[in-house]
Each structure stands twice: as structure tokens, then as C-alpha cells.
Amino acid sequence: MTKNINRQLLLKLGIACASVILLFFLFIQSGIGQVFRTMLYTFLAYSSSFEVDGQVYHETQINLEALKLLLISLFIFMIVVIAISSYFISKSSINKEVKQLTTKIPVYLTTDTAPSTGDLGLDNELLKIKSANMKNEELLKRETQRTKDLITYLAHDLKTPLASVIGYLNLLIDSPDLSMAQRAKFLQITLDKAGRLEELINEFFDITRFSLQDIHLNKTKMDLVLLTQQMIEEFYPLLSEKEQKIEYSGPDSLIGEADGDQLARVLNNLFKNALSYGNQGSTIKISLVESIKTIQLSVVNEGPTISARQLELIFDKFYRLDHARSTKTGGAGLGLAIAKEIVQAHDGEIHAQSKDGVTTFEVILPKS
């Protein structure tokens, strides 16, 4: 397209120069041109008379200073004329090309068989934009569909614990002759189902909150070791089901600046993930390492190796490793995505790697 603009500009400039020359010759041949020539002659030439041997001679000479001034003026005038002509011609050409592009670009981006714009470089850039738009649209469709599926699954999952809660409560009311042991057993089952019901409801809220609000931090000085140990203690009752253990290694105290509530949410999601996907009887290893500029938290568990493809998606919203949606291995697939958002809000990084049945999550936070 640039070459086309240059050709059109040169063509129009040539026509303009030819027109100026033609007008100049017409002006010279007109009556006004005769007056102009007389004025020019008066300006450039002067006459002098002198006498030699009684003879009077008349001599006409050119005023070189006046001629120089005239040539300079004509040169400047031509430059100004050419510059003004070039400006208006180029402006007209560019406006025309812009109007053409405003109609071509939308067609190029929205159709598969759109004609070329005439510029290979521009076509390549538009092709990149078009590919990026198509990729973003596909991702949006996939995420929207995944959200719809999850809401459908969660709505279905809500029925099971709710039905159990209602059923056991009715059983307790309708069976006054139950023993204390039976009542305690049924109440414990009801409590467990109610807890599961609460988790599912919280997942509904997570789905909406994740899209509707940004994460706001309230940073304070805090002991990250103390926070980590408190979170570990909360998970001890959950370890018995799969006979798992948690081991901590690191300093006895490590002071950093962070939002305690939000960072606790990160630890909760990472620990829950390690607990859910860890092997029976495995040990979850948690460590804190301090360097000059960063603080690194690692959560390591033994379990199925996560493929490279899955590792690329593991921090995406609504992504779950178990597509069968087992109620024992996680919820809506928001935990790691939320953890990533919180870590990035702290100007940190979070990574995952998995090899030979060992999966490691690393959180790197800057030291304030």
C-alpha cells in the first residue's frame, strides 16, 4: 500500500508541476505577462549613456544583484509551491487510503476469504490480530461453557447432601426410640453432609466473586512461619482419611509483609490440592526458604504425575485435573486460579512442576 501511495503521489506531483509550467507560459503570452515583462526588465536592467569622439552611445546592463535576488525569490517560491502542493496531494491520497482501509480492515478481520489490503506487511499484521482475536474468542467460549457446566454440576451436587440432611433429620424426628449411639451417628452424618453443602455453596460464591471483584490487599508485617504452622494444624484432622502426614522444614521465624487473610487462602488452596491428589500414606512436605530478595514457599506431594499440557492449564479458572468431578478431589476448579491472582497481587510468582510422581508448587514473594 505504501508503494501505491508513493506512485500516486509522484503522479499527482508531476501533473501539478506540468500544470504550473503551462500556466506560467500562458501568463507570459497574455497582456498581463507583457506588463510583467516590462516591470521585470525595469527591475533587472539599467541604461547608461556616454560620449566618445563626439558620438553618444547608449549601453544597457544587467543588475547582477537584482538578478540574484530574483532567482533566489523564484527558487523559494517554487519550493513553497511544491511543498504546499505535496502536502495537499499527500493528505488527499492518505485520506482516500484511510477511507478504503476502514472498509477493508473490518472485512479482513471478520471473514475468511477477505481480499488483500494491497500491503503485504499490513496483511501480516492484520493476520496476527485476526489470529489473536480468534484465539481469544475460542478461550472465551470455552470458559463460558466451562462455567455453565460447573454451575450445572454444582446445582446437581447440591441435591445429594441436601437430601441426606433432610432424610437424617426426618429419621431422627420420626424415630424417638433410637439409641444415643444411633442418634450420635446420624447427627455426625448430618453434620458431614451439611459441611459438604456449605462447601458447594461457597463454590457458587467463589465463581461470582472471582469475576466481579479485584483482590484488594491489606499488607502488614507478619510471621510467615507462624501463619504456615497455623494452616498446617488446621489440616491435621483431614490427614487421617488417607493416612497422610505433613512435614515442615525451614526457619523458626520469618518476618514478611503480606495480607495475612489472602495469603492464608493461598496456603489453604495449595494444602487442599496436595491433600486431595496425594497418594495414600504419603507425606506432604512444606518448606520456607529466605533469600536476599525473595521468600520461597514450596508444597511437595507424592501422587500421579501431572502432564506438561495439564501444567499449562492448572492455574486457569475452572480447570480440574479430574474431569469425572469426584466430590472428594476438589470443587469448582477455582482454588489454584485464585491462589495465582493473590500471589500476583503481592507482586510474586507461582509455579508448578511434576516429575516421577512428585508434584511441587512454588510461591515466590518479594521481600519488602
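The values are calculated or read from the model by the stated rules, or taken from the named source; none is laboratory data. The shown structure was predicted, so the numbers you read here are calculated from the model rather than taken from an experiment. Neighbour counts run over all protein chains shown; Cβ positions are idealised from the backbone, glycine included. Ligands, DNA and RNA are excluded from the accessible area calculation, which covers all protein heavy atoms including side chains. Shrake-Rupley method; radii C 1.70, N 1.55, O 1.52, S 1.80 Å.
Label-to-label distance for Ala181 and Met78 is 11.8 nm, based on points extended 7 Å past Cα in the beta-carbon direction. Each peptide in 161-168, 90-97 gets a packing score, the mean of other Cβ atoms within 10 Å over its residues, and the list from highest to lowest is 161-168, 90-97. Take the Cβ-Cβ distance between Leu69 and Thr102 as r, set R0 to 56 Å, and report the resulting FRET efficiency rounded to the nearest 0.05. E between Leu69 and Thr102, to the nearest 0.05, is 0.70.
Sorting Lys367, Lys135, Lys68 by solvent-accessible area of protein heavy atoms yields Lys135, Lys68, Lys367, largest first, with a 1.4 Å probe. A 1.4 Å probe, protein heavy atoms only, puts the accessible area of Met78 near 80 Å². Between Lys135 and Ile189, full extension at 0.36 nm per residue minus the direct alpha carbon distance yields a gain of 14.7 nm. Using a Förster distance of 25 Å, how high is the FRET efficiency between Thr220 and Ser287, based on the Cβ-Cβ distance and rounded to 0.05? So the FRET efficiency works out to roughly 0.60.
When all protein chains stay in place and ligands, DNA and RNA are ignored, the 1.4 Å accessible-area order of His351, His216, largest first, is His216, His351. Given 0.36 nm per residue, what is the gain on full extension from Ile173 to Leu311 after removing their alpha carbon distance, in nm? Full-extension gain reported as 44.7 nm.
Applying 0.36 nm per residue to the separation of Gln145 and Phe88 and subtracting their alpha-carbon distance, the gain on full extension is 15.2 nm.
Placing a pseudo-label 7 Å from each Cα along the Cα-to-Cβ vector at Tyr248 and Asn202 gives an inter-label distance of 2.0 nm.
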